[in-house]
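The block underneath contains the structure these notes are about, expressed in structure tokens.
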Amino acid sequence: MNSPNRGEESPKEEPDRDKGAAEESESKSLLPSQSPSPSSDDENEVAFESREKVVIVDLETPESILNVDYVPPFSWKKLWLFTGPGFLMSIAFLDPGNLEGDLQAGAIAGYSLLWLLMWATVMGLLIQLLSARVGVATGRHLAELCREEYPTWARLVLWFMAELALIGADIQEVIGSAIAIQILSNGALPLWAGVLITASDCFVFLFLENYGVRKLEAVFAVLIATMALAFAWMFGDTKPNGKELLIGILVPRLGSKTIRQAVGVVGCVIMPHNVFLHSALVQSRDIDPKKRGRVQEALNYYTIESSVALLVSFMINLFVTTVFAKGFYGTKQANNIGLVNAGQYLEEKYGGGLFPILYIWGIGLLAAGQSSTITGTYAGQFIMGGFLNLRLKKWLRALITRSFAIVPTIVVALVFNTSEASLDILNEWLNVLQSIQIPFALIPLLTLVSKEHVMGVFRIGPTLEKLAWTVAALVIVINGYLLLDFFVSEVKGLLFGLFICIWTAAYIAFIVYLISRGGALPSTWFSIELSKRFSANGT
């Protein structure tokens, strides 16, 4: 770990040596693993260079200068300066994979799973706030911290799993964009052409990044607003039942026929690459991690901003779910609707109108696909740079990251562009791939955010720790059910079944290793000392 700064003292600071030493000691106890040396930017990969960060304008007062615990009063101007990372993070809740989960939940389960969508979003918010907490309090993102926390072999496995999750998400996002391009071009552009067009977004991303973080955030704000407007328009056109919608949100209902859709709703909320991404995005603001008051201030603003961002994402997901619930729940088409044919079904159901609903759907889907692929490129840079400590030029790192996803996506587009059913099967496999990776993002996050030597005074307390582990366990179990259900129905043949069993054993063993290595579970759940005594008495 990097050593703290040791600047030389000037003569005028001499009388306050004791006070300064105390403050330095306090800072060390706060973040012993932080405080990089001035040259660390040249030695280690960082999320944002100092010159790239947004400066938080503040009116210095005697309290803020002398007191490291001073938290400035709330300011709307400051909230605006902190606004951005949460909305970029929220795009993962709106990617084409999520939209497909929404439309299938609405078509098959009607309004009955809206309550689950709401609470799943709340669970996602909790995880993302913990990710932001790690990034702000330590000054480093999750991938960097994993590089220091785990031995080389475990770090490389975690990196490989994160890359797999990113590739799986990116394939869904790129395919979603390609489908939207196919819709908006009236079928003139095939799926593979849409993939190539979408692949070019990394260059757009690099172009925008040169103009600063705020300009890039503004572009994402436009894309989110486009999604909100498109899907709200669809919501207004189709006029879903208000009473059923309210009951669906407030009254928990779960039938045996809707279990699969319920699992899909929860499974889409936690995106492994998004957990890594948010911890890096919050570092785009210039915050001194040695000043506890400023760290707390940043956490307060990020909590507000992320909550608003996920409220917006919840509303967009709700619009999509209710539109398909109104139009297709209880119909013969309900079980056949997927991302590929959703626009056509909408067109047949609701017709053209002032502006054909097919194109409204296409515009919203394109905004979702483009925004999520660009954030995927962003996440890939942080994941690769953090785990491997690669200091590459941004254009090169973005190109490498993009190639990891685009090359398999083009292959997928060519192979699976034969029928709607084949793309639906592909999407199921990609959802499984995402589900497999979830523990490898959540367990390191919850382990690190609970450690005092990493977080200092900003480590989470016992109550929040238990709540976070409960949410993580729930998400992992739900996704485990999805995996079991999928493999039982899809795995055929003795040899393949044997391979899956061996792989599953190794998978579970690595999860147990991650949990046990850091003493991750709260002590109130798992009395290690009691088990030791029991073992000692038995020998």
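The values are calculated or read from the model by the stated rules, or taken from the named source; none is laboratory data. On a predicted model such as this, the values are computed, not experimentally measured, just so you know. Note that we place each Cβ from the backbone using ideal geometry, even for glycine, and neighbour counts take in every protein chain shown. Surface accessibility is based on the protein's heavy atoms, side chains included, excluding ligands, DNA and RNA. Shrake-Rupley method; radii C 1.70, N 1.55, O 1.52, S 1.80 Å.
Details
- Within segment 467-483, the presence of at least one residue that is modelled with pLDDT of 70 or more, open to solvent by less than 60 Å² (accessible area, probe 1.4 Å) and closer than 30 Å to residue 291 by Cα is confirmed.
Residues checked against (1) modelled with pLDDT of 85 or more; (2) part of a loop (DSSP other than H, G, I, E, B):
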site: 310; (1), (2): yes, no
site: 315; (1), (2): yes, no
site: 318; (1), (2): yes, no
site: 321; (1), (2): yes, no
site: 327; (1), (2): yes, no
site: 335; (1), (2): no, no
site: 344; (1), (2): yes, no
site: 347; (1), (2): yes, no
site: 353; (1), (2): no, yes
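- Filtered by the rule that a residue be more than 16 Å from the chain's Cα centre (by Cα) and part of a helix (DSSP H, G or I), segment 265-308 gives 284, 292, 293, 294, 295, 296, 297, 298, 299, 300, 301, 304.
- Unmet criterion (only one of (1) touching a Lys or Arg at 6+ places or on another chain (Cβ under 8 Å); (2) in contact (Cβ under 8 Å) with a residue 40 or more places away in the chain) for residue 208: (2)
- Candidate set from segment 248-269 (those that are β-branched (Val, Ile, Thr) and at pLDDT 80 or above); member that is surrounded by the most Cβ atoms within 10 Å (Cβ to Cβ): 249
- Flag for residue 216 being open to solvent by less than 10 Å² (accessible area, probe 1.4 Å), farther than 30 Å from residue 476 by Cβ, aliphatic (A, V, I, L, M) and within 19 Å of the chain's Cα centre (by Cα): yes
- Taking segment 236-247 as the range and being over 14 Å from residue 314 (Cα atoms) and surrounded by 18 or more Cβ atoms within 10 Å (Cβ to Cβ) as the test, the residues that pass are 238, 240.
- Restricting segment 484-518 to residues that are touching a helix residue (DSSP H, G or I) at 6+ places or on another chain (Cβ under 7 Å) and assigned to a loop (DSSP other than H, G, I, E, B), the residue that is modelled with the lowest pLDDT: 518
- Hits in segment 96-112 - residues which are in contact with a Gly (Cβ under 7 Å, 6 or more places away or on another chain) and in a loop (DSSP other than H, G, I, E, B): 111, 112
- Residue match in segment 139-155 (condition: assigned to a helix (DSSP H, G or I), open to solvent by 10 Å² or more (accessible area, probe 1.4 Å), over 28 Å from residue 510 (Cα atoms) and free of Cβ contacts under 8 Å to residues at least 12 places away in the same chain): no
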